[in-house]
Structures are given as structure tokens and as C-alpha cells.
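Data block below; observations after.
Here, each number is a calculation from the coordinates, and none is a lab measurement. Since the structure is predicted, the reported quantities are computational estimates derived from the model, not experimental observations. Here Cβ is always computed from backbone atoms with ideal geometry, including for glycine, and neighbour counts include all displayed protein chains.
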Amino acid sequence: MRSAATSMVALALATITVAACGSSANTETSTAPVDSASASGAVASISCLPNCRGANLQGAVFSRVNLDNADFSEANLTNARFEDIRASGVTFGLADLTNAVFRDVDFSGTDCVNRWGPGEAPEWECTGAADFRGNGRDVLMAGTTFERATLVGANFENAQFAGVTMADSVFDKANFFGTYIRSEEPYVKNSLDGSSFQDVAMGSLNAASLNGTNFSRAFFSGQDGSIYNSVGTGTIFADAWIEQLFIKNTQLTDANFRGATFKSVTEAEGTTFTRADFTGAKVSVLAGATYDAVMCPSGNTVSGTGELMRLC
């Protein structure tokens, strides 16, 4: 018969399965309140919650666990899985999230406010949002998967997103400032409303919601940084660098391209720019789109189809 203490730990922590290091086939489920490696190399650090700073949780599976205000800063979460969880105040700063999976989770923040105040381009701060900030150092996220995840207001500042999968997820009002987010595979069906991608090397977006998304000074280049089948109102591309880009089958209304640089040819077949503002932009060739009351780099307003600078 299990002890009462062990039963209480099991009840409080639901299911946390920890895989043996170096083995994907053998796993063990442990409820022991231990913070050390077993003889087989399996890690049992369950008792660290909610303070798991620096813990070795490699291969752990967190399912339906209470993670409110949990701190995983600098923890080893390589190959860890977070599934079917709703929590606030979770911190992952400088954790190793290589090949980690976040599926059907909601780590959203509440009470989101614009840190710059009314009337300014929004950069949101949300109470209780998940925090992945790197504090100037690389956050290890190679191969991390976010699938059907909800991370409203999450802070990914200075994280390295190369090789990260983002699909069917909500990152509204999230902060990606200074991240490296380029990827060979597109990020598909994500809501990025109100998120900030300032000074970011962008990956490809497919079927994205871009209402109020801020791409100021972002870098878009080639197929790996293109935008497809997306919709946005009030999207900001001010001072962005756009090189050999595809913006296809996308609807952008009231977009701000002020001061942006369109280097070489940008192909925009099937895309409609409605009341977009290109004031002061350096446009080489923006071809194939439909323009409705668009403001040209020189300040005049035009409508039509084809190549923007010929219309202007």
C-alpha cells in the first residue's frame, strides 16, 4: 500500500511521466517527491513544483497538472511534453526547450495594457502571461512544437525560434522582440493579432491573422520569409526590410508600410491592399496586387491593379 504522503503528491500533481535519459521506449511514472537521478538515469523531480528553477526534467510529460505560477527558469525540459493544461504566470526563462511539445495548452495572460500608452503602436504587457524571455541570452528552442496552444501575451523576447513549429495556435499580443524566427517550414493557421515582431528575422506565415500585428523594422526575405493566405487590418510594416518576398492571396487593410524598403521584386498575386500607406517607402517592384485607395511613397493616392510604382 502506498503511503499517504505519496498518494497526496500523486493527487496534487496529476500525471508526470519521466522518460529515462537516452531512451524513448522505456518510461516510468513516478510520484516520489525526489529531486535526483535514479540508478537507471531517469529523473524524478516532481517535488520541485511550483519552483522548478534549474531542475532536470528531461523527457517529462505534464498532463492536466496545476502549473499556476510555476517557475521553470534554466530548467532542462528537453523532449518534455505539456498537454491539456490551463495555467497562468508560468516562467520558462533560459530553459532548454529543445524538442519540447506544447499541445492543447492555455498559458494566456490577463489585463493586457499597452506599455507605450494610448495612441502609440501597441506593445502589450499582460499580467500572468507565460514568460520565455532570454534576457539577452539564447533560449534553446530548436525543434520545439506549439500545437493548438494559446499563449496570449507571452513574452519570447530574444528567443531563438529556428526550427520551431507553430500551428493552429494563438499568440495574440505576444512579444517576439529581437527573436530569430526564420524557418524552412511555414507557421500555419496562427493568430498573431496585436503581437510585436519588431527587429525580427521573420519566417513564413500561412493562413495567419495579422490584425494590429507590429512588424516594424522586421526582416522578410525570400520564400522562407513570405506571407500567404493571410488577413490583417492595421498591420504595421514600418521601416521593414522586404527582399524578394511573396505576399500572395492576402488581404491587408489600413496597413502601414511607411519607410519600408522593398528590395528587388515583391510578388503579390491575389493580394489586396486597401488604404495601405506606403509614404516614404522605397519600392523597387511590387507586382500582381490590387490596390484600393493606396497612398504612394510620394504621398498621392491611387487605385488599380498590377505594379504599384507604375500606378503611382
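Counting only other residues whose beta carbon sits under 10 Å from that of Met202, what net charge do I get with K and R as +1, D and E as -1?
So the surrounding residues net to 0.
Considering the options Phe278, Ala80, Thr179, tell which one lies farthest towards the positive end of the dipole of the range 51-311, charges being +1 on Lys and Arg and -1 on Asp and Glu at the Cβ, about the Cα centre.
It is Phe278.
So which lysines pass the test for Lys248, namely a Cα distance under 18 Å, with those fewer than 8 places away in the same chain ruled out?
Partners within reach: Lys189, Lys263.
Taking K and R as +1 and D and E as -1, what net charge do the other residues with C-beta under 13 Å from the C-beta of Leu308 add up to?
Here the charged neighbours net out to -2.
Among Ser108, Ser73, rank each residue by its count of other Cβ atoms within 10 Å, from fewest to most, as a rough exposure measure.
Ser73, Ser108
Ranking request for peptides 55-67, 191-203: highest mean number of other beta-carbon atoms within 10 Å first, then the rest in descending order.
Descending mean neighbour count gives 191-203, 55-67.
By how many nm would the segment from Asp254 to Asn51 grow when fully extended, if each residue of separation counts as 0.36 nm and the alpha-carbon distance is taken off?
Result: 68.6 nm gained on full extension.
When ranked by the protection proxy of mean other Cβ atoms within 10 Å per residue, highest first, what sequence do the peptides 76-88, 205-217, 299-311 form?
In descending order of packing, they fall as 205-217, 76-88, 299-311.
Tell me, what does the Kirkwood hydrodynamic radius of the range 51-311 come to in angstroms if you use every pair of distinct C-alpha atoms?
Here the Kirkwood hydrodynamic radius works out to 18.6 Å.
Evaluate the distance, in nm, between pseudo-label points positioned 7 Å from the Cα of Ala287 and of Ser63 along their respective Cα→Cβ axes.
About 5.3 nm separates the two model spin labels.
If the chain between Ser221 and Thr305 were fully stretched, how many nm would it gain, using 0.36 nm times the residue separation less the Cα-Cα distance?
In short, 27.9 nm is gained.
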